[in-house]
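Take a look at the structure below.
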Amino acid sequence: MRSRGVGGVGRKPVLGFTLVELMVTIAVLAIIAAIAVPSMQGIIKSNRLSAASTELVAALQLARAEAVRRNARVTVCASDDGLACTATDAWTRWIVLGRDTVSGSDEVIRDSSVTGDLQVSGPAGGIRFRPSGLLDAEQVVSVCIPTDNPAENTRTVTLMAGGSIATTKTNGGGVCG
């Protein structure tokens, strides 16, 4: 008579998982996902904040360089349509606006915006660089996302009167403004 034991002679080994093994694996994956998802959301929001503040700093540096290059005032300001400045402190969209030295008319040099729940606030009159690349006074623009994760939910971009730019992370307590 042949042996019928597992791995015995004449019997093929059973391949696959038992229901208990499958349920344990799913439970372990669920625990790992429950731990990882909140951390991942915080990382994504932090990266969105950093990207928006970097985009804003790039626009400010461009405006300063264009003011010197054109030997004319260049303004970074909020805009509703991407064509002209809007007198508001909510900068969901901003433009770099400079005077064309040939035609004498204003032209949009750069148009940028933020999406989602990011909030950008700056001076309602915009930021004007003189032809020397300097500012009349120190200016502050903040980029914020209303959340507790990450704790440092605000990036404050400070422009010194001399034209230098500094970005700092701030804990806004989960709220903006």
If I fit a long axis through the Cα atoms of helix 19-70 and take the longest principal axis of the Cα atoms of the chain, what angle between them do I get, 0 to 90°, rounded to 10? 10 degrees
Prolate/oblate/rounded label for the stretch 74-177 (Cα gyration tensor, a/c 1.5): oblate
Just the number please: accessible area per residue for the stretch 43-106, 1.4 Å probe, all protein chains included, in Å². 50 Å²
State, as an integer percentage, the relative contact order of the stretch 28-146 based on alpha-carbon contacts under 8 Å between residues 6 or more apart. 25 percent
May I ask you to give the percent of accessible area on the chain that is carbon plus sulfur, with a probe radius of 1.4 Å? 58 percent
Once amide H atoms are placed 1.01 Å from N in the peptide plane, what residues at a sequence separation of 5 or more from Thr86, or on another chain, have their amide H within under 5 Å of its amide H? Ala78, Ser79, Asp80
Sequence-distant or interchain residues sharing an amide H contact under 5 Å with Thr154, placed H: which? Thr170, Gly172
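The values are calculated or read from the model by the stated rules, or taken from the named source; none is laboratory data. Every value quoted in this text rests on a predicted model; they were computed, and no experiment measured them. Only protein heavy atoms, including side chains, enter the accessible area calculation; ligands, DNA and RNA are left aside. Shrake-Rupley method; radii C 1.70, N 1.55, O 1.52, S 1.80 Å.
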